[in-house]
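Input: a single structure, listed below in C-alpha cells.
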Amino acid sequence: MTATVTPAETATAATPRRRRHRLLVPLGLAVLLIVTTLVLHAVDRPDTDEPGFLSPVATDDDGGSRLAEALRAQGVPVRRETAFDGVLQTAGIAPSTVFVPAPGLVHPDLLDRLTALPPGTRLVFVEPSPRVLAELDTPVEAAARRWAARAVPPDADGTPCPLPEAVRAGTAAIDLQRYAGPAEVGHCYGGALLRVPGRVEVV
C-alpha cells in the first residue's frame, strides 16, 4: 500500500519547524553576543590581585612604570613599598602621597593607621569599595557604575576640578566607578575622582 502526501500536509508539517527556527536563531545569536561581551569584558578588566597591578616597576599593560617615570622626570621621588610597616615608616617622616592600587586588600586596622600619618599627607585609593570608604570615615559613597571606562575631561559635569594635577592630566579614561559626596568634597571627571580635604587628604 502506498501513502500519498499532499502538498497541504507537507506545508502543515514544515510550519512548526519554521517557527522553531525563527525563534531559535535570534535567541542563539543573542546568547552568543552576551557570552562574547562578558568574555571580552573579563579579559579587558585588570586583575587587582596581580602583584604587578599599577606597580611602579611593572612594565606590562596594568603596570605603573610609565607613570613612575613621568613623576621622576618632574623631580618627584617615587619609592615602592611592599610591606605596610615600610609605608608607615617612609610616609611618617614627612607629608607624602601614599598610592594604594588595591585598597580592598588592606586590612581595616591598617587603614586606620594610614589616616594617622602626618598632616599634609595625601592618600590616593584606586576604586575603593563601600567598606573601605566607611573604614576611612569619609563622607563619600559609591554611586553609579558604568559597564566600561569612558574618557572624559576633568570638568565633565561642568564643575571646575579642584585638583591641579587632574587639570594638567586632561582627558582620561577614568569614568567607570563614580562617587558622591557633600559640596566640600572636590569632584573631578564627573564624580569618578573625588578629593576629600582634611588633616590627611583622601583622593
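The values are calculated or read from the model by the stated rules, or taken from the named source; none is laboratory data. The structure displayed is predicted, hence computed values, not measured ones. Reconstructed Cβ throughout: ideal geometry from the backbone, glycine too, with neighbour counts over all protein chains shown.
Annotation note: Cβ proximity below 7 Å between a residue of the stretch 117-132 that is in a helix (DSSP H, G or I) and a residue that is surrounded by 15 or more Cβ atoms within 10 Å (Cβ to Cβ) (sequence gap 6+ or interchain) occurs for PRO130/ALA142; VAL132/PRO103; VAL132/LEU111; VAL132/PHE125. For THR138, the test of being surrounded by 12 or more Cβ atoms within 10 Å (Cβ to Cβ), touching a residue at least 40 places away in the same chain (Cβ under 8 Å), farther than 16 Å from ILE174 by Cβ and of a type outside the set (Lys, Arg) is passed.
Under the condition of being among the acidic types (Asp, Glu) and part of a loop (DSSP other than H, G, I, E, B), the residues counted in the stretch 77-116 number 1. Does the stretch 111-125 contain any residue that is within 16 Å of the chain's Cα centre (by Cα), surrounded by fewer than 16 Cβ atoms within 10 Å (Cβ to Cβ) and of a type outside the set (A, V, I, L, M)? Looking through the stretch 111-125, none of the residues is within 16 Å of the chain's Cα centre (by Cα), surrounded by fewer than 16 Cβ atoms within 10 Å (Cβ to Cβ) and of a type outside the set (A, V, I, L, M). What is the residue count in the stretch 74-104 for residues that are in contact with a Lys or Arg (Cβ under 6 Å, 6 or more places away or on another chain) and basic (Lys, Arg)? Adding up the residues that qualify gives 0. If we keep just the residues of the stretch 139-193 that are more than 27 Å from ALA70 (Cα to Cα) and of a type in the set (D, E, K, R), which is farthest from the chain's Cα centre (by Cα)? By that ranking, first place goes to GLU184. The set of residues in the stretch 173-203 being hydrophobic (A, V, I, L, M, F, W, C) and modelled with pLDDT under 90 consists of ALA173, ILE174, LEU176, ALA183.
If you filter the stretch 89-101 down to residues that are at pLDDT below 85 and surrounded by fewer than 17 Cβ atoms within 10 Å (Cβ to Cβ), you find that the one that is nearest to GLY191 (Cα to Cα) is PRO95.
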